[in-house]
Amino acid sequence: MTAFEFAEGYSAYLLLVVLFTIGLYGMMMKQNLIKKIMGMSIVQSSVILFFIVSAYKDDATVSVIDYARGVTNPDLYLNPLPHTLMLTAIVVAVVTLGVSFALAIMIYKRYKTLHEPTLLELMK
């Protein structure tokens, strides 16, 4: 298997690794709180997409019994568990994002800045 064939077969996973890395960079290296929150959102989205992509199967259908396909071969149906768990993860991500922005607003109202080094100096 050549590197091109590998990249072609795992292109979705490679894209998700790039997205995760961008989000992690934003969380760790940026000094603005809003940019850190955006990085956190990118990380959350890439993890959710990873689970959804890993649950995909070629030529599979939703997990409602189709008697034309039969019930003996489970490879013909998608596993609903990863999708269900990711719906819960999306709700948690939205709540986390909302609380993060609310905290950022309160920090800005109190300290008049969202720049992390400045905040650390003001909090001493």
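Compute the Rg/Rh shape ratio of the chain: radius of gyration over Kirkwood radius, all on alpha-carbon atoms. If you can, show how the numbers build up before the last one.
Values: Rg = 20.7 Å, Rh = 17.6 Å.
Computed over Cα atoms, the ratio is 1.17.
Remark: region 52-124 carries 77 Å² of accessible area per residue (probe radius 1.4 Å; ligands, DNA and RNA excluded). Across L81, L33, L19, mean-square fluctuation computed from a Gaussian network of the chain (C-alpha pairs under 10 Å connected) peaks at L81.
Sparsely packed loop sites in region 40-109 (the chymotrypsin sites (Phe, Trp or Tyr not before Pro) outside DSSP H, G, I, E and B with at most 13 other Cβ atoms within 10 Å) comprise Y56, Y67. Spacing of the modelled spin labels on E8 and T72, each 7 Å from Cα toward Cβ, amounts to 3.5 nm. Only helical runs count toward this figure. For the chain, summing -39,500 (n - 2.57) over DSSP H runs of n ≥ 4 and dividing by all residues gives -23500 deg cm²/dmol at 222 nm. Computed from phi, the 3J(HN,Hα) profile of region 113-124 under the Karplus parametrisation 6.51, -1.76, 1.60 (θ = phi - 60°) reads 7, 10, 7, 4, x, 5, 4, 4, 5, 5, 7, 6 Hz, with x in place of Gly and Pro.
Ignoring ligands, DNA and RNA, what percent of the accessible area of the chain is carbon or sulfur (1.4 Å)? All intermediate terms of the calculation are to be shown ahead of the outcome.
Working: 6490 of 9190 Å².
Accessible surface attributable to carbon and sulfur in the chain totals 71 percent.
Bridgeable lysines around K109 (alpha carbons under 20 Å apart, same-chain partners fewer than 8 residues away excluded): K35, K36, K124.
I need the calculated FRET efficiency for the pair M123 and N32, taking r as the beta carbon distance and R₀ as 25 Å, to the nearest 0.05. Don't skip to the end; give the middle numbers.
Details: r = 16 Å, r/R0 = 0.65.
After rounding to 0.05, the efficiency reads 0.95.
The values are calculated or read from the model by the stated rules, or taken from the named source; none is laboratory data. Model, not experiment: these values are computed from the prediction. Here Cβ is always computed from backbone atoms with ideal geometry, including for glycine, and neighbour counts include all displayed protein chains. In case anyone asks, the SASA skips ligands and DNA or RNA and just uses the protein heavy atoms, side chains included. Shrake-Rupley method; radii C 1.70, N 1.55, O 1.52, S 1.80 Å.
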